[in-house]
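The values are calculated or read from the model by the stated rules, or taken from the named source; none is laboratory data. Note that the structure is a prediction, hence the values are computed from the model and not measured. Cβ placement follows ideal geometry from the backbone for every residue including glycine, while neighbour counts extend to all protein chains displayed.
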Amino acid sequence: MSATSTQGKGIRALIPTTDQLLTQGDLLNFKNEILLEFKRILKESTGEPGKRWLKSTEVKKILGISHGFLQTLRDNGTLPFTKIGGSIYYDYEDICKMMSVHKVRNNDGYNISN
């Protein structure tokens, strides 16, 4: 055994060495962390943010709108929000619902694409 693995106290005990063993629990925890990270990356790559609650700057970027227009959406009740202290948060699902409700269709019932 190395001096690092035999020492029971201090930071040196936290440094992994080649003679340490991994348990099945360690591997399971690692697998779960990796899977969660992959899911987050996949969501972000499909345009969906990796988190549910978004701040104003993130919403403005996603929708491509100005601060004033976002304020108007809040004021007229089009986009629900949550205010905690001085920070305003928007639920990603509410943004999707707002976009679906205001979807414009042409006379044939098909989406208008530009």
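Annotations for the structure displayed:
- LYS83 meets all of the listed conditions (1) exposed (fewer than 10 other Cβ atoms within 10 Å of the Cβ); (2) within 20 Å of the chain's Cα centre (by Cα); (3) at pLDDT below 90 but one, namely (3).
- Reported count of residues in the range 52-68, each being in a loop (DSSP other than H, G, I, E, B) and not basic (Lys, Arg), is 3.
- Among the residues making up the range 24-51, a single one is among the polar types (S, T, N, Q) and assigned to a loop (DSSP other than H, G, I, E, B): THR46.
This table checks each residue for (1) modelled with pLDDT of 75 or more; (2) outside the structural domain of ASP91 (by TED's automatic domain parsing); (3) farther than 14 Å from CYS96 by Cα.
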position	(1), (2), (3)
PHE30	yes, yes, yes
GLU33	yes, yes, yes
ARG40	yes, yes, yes
ILE62	yes, no, no
ILE65	yes, no, yes
GLY68	yes, no, yes
GLN71	yes, no, yes
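- Taking the numbered list (1) over 17 Å from GLU44 (Cα atoms); (2) in contact with an Asp or Glu (Cβ under 8 Å, 6 or more places away or on another chain) in turn, GLY86 passes all entries but (2).
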